[in-house]
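Asker: Let me begin by handing over the structure; questions about it come next.
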Amino acid sequence: MALTRRTLVAAGLAAPALIGLGRAAQAATILKLSHQFPGGTIDEGDFRDRMCRKFAAAVKERSKGAIEVQVYPGSSLMKTNAQFSAMRKGALDMSLYPLPYAGGEVPETNIGLMPALVTSYQQAMAWKKAPVGRKLTEILLSKNIVLVSWVWQAGGVASRERPLVRPEDAKGLKVRGGSREMDLMMKAAGAATLSLPSNESYAAMQTGACDAVITSSTSLISFRLEELSKSLTSGRGRSYWFMLEPIMMSKTVFDGLPQDQRDLIMAVGAELESFGQEGAQADDTRVEQIFGKAGAKVETLDEATLGRWRDIARDSAWKDYAAKSSSCAEMLKLAEAVA
């Protein structure tokens with residue numbers, strides 16, 4: 001078929017457009033962000049999922065579509081405990097991940113849930129700019145992990161039967177603590193312990209494998225533990241359970257991005273930290289309302305009781321952690337200096 005002038009002109013106009021589309025597709029970077037918590041929307045649901053979605057939306061908008069972050073809630077992309085190792089290998093781009101879950105690979109990360117070491121949000125958020133935060137960031141970088149956004153959460157105790165408030169209450173209970181160090185403190189108080197991710201807590205309580213679950217206020221809500229509990233010890237005001245659950249990124253993937261995109265990711269991560277802290281603190285209040293409405297007895301810790309837990313933690317968990325290595329001992333010393 002003969003080519004007409006109109007066909008040639010149309011083809012000439014279309015070619016640059018097709019080339020442009022090819023360049024745009026080539027330039028776009030897809031990052032997969034995994035977490036274990038229930039999914040929702042950018043406006044509703046678990047604040048950690050919302051934080052990830054806000055991160056994705058901000059990065060896409062400010063990169064003008066050059067970076068797209070896809071969020072995978074509920075461990076739908078990969079199992080919870082596999083996520084840290086996958087990031088280290090570059091097989092997973094990003095995760096909002098409870099830091100002490102990585103303790104089996106990087107013992108220093110258990111500082112992220114050291115019982116009674118951090119007891120307030122003010123103290124927790126001071127870590128980032130303090131020597132302990134710089135040391136932790138350096139250690140993670142050496143393990144191929146970039147710490148993008150700091151998120152701290154207070155936690156409480158959901159109990160199937162009797163309350164777990166004072167150290168003597170722990171005797172004979174089967175308790176999920178959330179980290180090796182938390183388990184050491186509970187064992188020293190007379191409890192039996194079991195290790196499992198928070199998203200497996202409901203099943204453990206339902207079957208009777210676990211009598212009490214210690215986890216963040218948000219997880220107590222999101223995993224509906226009020227349905228199985230007769231008692232709540234709230235983390236509002238003060239708690240011996242503060243966990244660092246940051247957004248982290250594979251350094252391999254991070255280093256593969258242009259400098260302007262790396263700067264953008266870090267800037268958005270820092271800006272969202274206030275949202276994370278506000279979300280965590282709001283849930284400390286909301287969890288009391290939800291459990292109370294479900295008929296659970298709600299209690300809080302006083303300063304004297306917190307001090308008793310700290311004494312037990314210092315003689316068990318803190319001592320064990322510091323003995324692991326000179327690096328762990330230094331981390332603990334730096335953390336204790338943050339008032």
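The values are calculated or read from the model by the stated rules, or taken from the named source; none is laboratory data. Nothing here was measured: the structure is a model prediction, and the numbers come from that model. No Cβ is skipped: glycine too gets one built from the backbone with ideal geometry, and neighbour counts run over all protein chains shown. The area values use the complete protein model at the heavy-atom level, side chains included, leaving out ligands, DNA and RNA. Shrake-Rupley method; radii C 1.70, N 1.55, O 1.52, S 1.80 Å.
Asker: In µm²/s, what is D for the chain at 4 °C and 1.567 mPa s, where D = kT/(6 pi eta Rh) by Stokes-Einstein and Rh is the Kirkwood radius from Cα pairs?
Answerer: 61
Asker: On to the next question. Work out the charge dipole of the chain with +1 on the Cβ of Lys and Arg and -1 on the Cβ of Asp and Glu about the Cα centre, then indicate which of Leu173, Met185, Tyr321 is farthest towards its positive end.
Answerer: Tyr321
Asker: Could you pull the Cα extents of the stretch 48-189 along its three principal axes, largest to smallest, in whole Å?
Answerer: Dimensions of the stretch 48-189 along the principal axes of its Cα atoms: 57, 35, 29 Å.
Asker: Please list, by residue number, everything in the stretch 43-86 whose backbone N is under 17 Å from a paramagnetic label point 7 Å out along Cα→Cβ of Gln206.
Answerer: 74-75
Asker: Now for a separate question. Which value results when the Cα radius of gyration for the stretch 153-246 is divided by 2.2 N^0.38 Å?
Answerer: Against the compact-globule rule of thumb, the ratio is 0.94.
Asker: While we're looking at this one, here's another question. With no solvent and one point per C-alpha, what does the Debye sum give as log10 I(q)/I(0) for the stretch 172-319 at q = 0.14 Å⁻¹?
Answerer: Log10 I(q)/I(0), no solvent term: -0.78.
Asker: Another question about this same structure. Volume per residue, Å³, of the convex hull around the alpha-carbon atoms of the stretch 241-303?
Answerer: Output value, Cα hull per residue: 125 Å³.
Asker: Here's a follow-up. Taking a probe of 1.4 angstrom, what is the accessible area of Arg160 in Å², to the nearest 10?
Answerer: Answer for Arg160: close to 70 Å² accessible.
Asker: Any idea what the dipole of the stretch 258-339 comes to, in debye rounded to 20, about its Cα centre with Lys/Arg Cβ at +1 and Asp/Glu Cβ at -1?
Answerer: Using only the charged Cβ atoms, the result is roughly 380 debye.
Asker: Seen from all sides and averaged, what is the projected area of the convex hull of the Cα atoms in the stretch 119-167, in nm²? Could you put the intermediate results ahead of the total?
Answerer: On the way: hull surface 21.5 nm².
Reported value for the Cα convex hull: 5.4 nm².
Asker: By how many nm would the segment from Asp260 to Asp43 grow when fully extended, if each residue of separation counts as 0.36 nm and the alpha-carbon distance is taken off?
Answerer: Extra length from Asp260 to Asp43 when fully extended: 75.3 nm.
Asker: Also, quick follow-up: Taking a virtual spin label 7 Å from the Cα of Arg166 along the C-beta vector, which residues in the stretch 297-332 bring their backbone nitrogen under 18 Å of it?
Answerer: It comes to 298-313, nothing else.
Asker: Ala267 label point, 7 Å along Cα→Cβ, cut-off 20 Å on backbone N: hits in the stretch 28-68?
Answerer: Once the point is set 7 Å along Cα→Cβ of Ala267, 28-31, 52-68 turn out to lie under 20 Å by backbone N, inside the stretch 28-68.
Asker: Full extension from Lys230 to Leu306: what is 0.36 nm times the residue separation minus their Cα-Cα distance, to one decimal in nm?
Answerer: Taking 0.36 nm per residue and subtracting the Cα distance, the gain is 25.2 nm.
Asker: Given a Förster radius of 30 Å and the C-beta distance between Gln70 and Glu138 as r, what FRET efficiency does 1/(1 + (r/R0)^6) yield to the nearest 0.05?
Answerer: After rounding, the FRET efficiency stands at 0.55.
Asker: Between Lys297 and residues 5 or more places away or on another chain, which pairs have amide H atoms under 5 Å apart, with H built 1.01 Å from N, and which residues are they?
Answerer: Correct list: Ser231, Leu232.
Asker: Size of the dipole of the chain about the Cα centre, Lys and Arg at +1 and Asp and Glu at -1 on the beta carbon, nothing else charged, in debye to 20?
Answerer: Working: 42 positive and 37 negative charges, 158 e Å.
Here the size comes out at about 760 debye.
Asker: Something else about it: Apply the Karplus parameterisation 6.51 cos²θ - 1.76 cosθ + 1.60, with θ equal to phi minus 60°, to every residue of the stretch 74-79 and state each ³J(HN,Hα) to the nearest whole Hz, in sequence, with x for glycine and proline.
Answerer: Result, rounded to whole Hz: x, 6, 6, 8, 7, 4.
Asker: Still on this structure, please answer the following. Between Ala294 and Leu194, what's the calculated FRET efficiency when r is the beta-carbon distance and R0 is 22 Å? Round to 0.05.
Answerer: Calculated transfer efficiency: 0.40.
Asker: Calculate, in nm to one decimal, what Thr285 and Ala322 gain on full extension: separation in residues at 0.36 nm each, minus their alpha carbon distance. Can you show the working numbers first?
Answerer: Details: separation 37, 0.36 × 37 = 13.32 nm, distance 3.38 nm.
Contour length minus Cα-Cα distance gives 9.9 nm.
Asker: Among Pro167, Pro115, Pro246, which one shows the highest mean-square fluctuation when the chain is modelled as a Gaussian network with alpha-carbon springs under 10 Å?
Answerer: In the Gaussian network model the winner is Pro167.
Asker: Ratio of alpha-carbon Rg to the 2.2 N^0.38 Å globular estimate for the stretch 74-130, to two decimals, please.
Answerer: So the stretch 74-130 has a normalised radius of gyration of 1.30.
Asker: So who's got an amide H within less than 5 Å of the one on Val69, skipping anything under 5 residues away but keeping other chains? H placed 1.01 Å off N, in plane.
Answerer: It is Leu31, Lys60, by chain and number.
Asker: Percent of accessible area on the chain owned by carbon and sulfur, 1.4 Å probe? Walk me through the numbers on the way to the answer.
Answerer: Working: 7710 of 14740 Å².
Answer for the chain: carbon and sulfur cover 52 percent of the accessible area.
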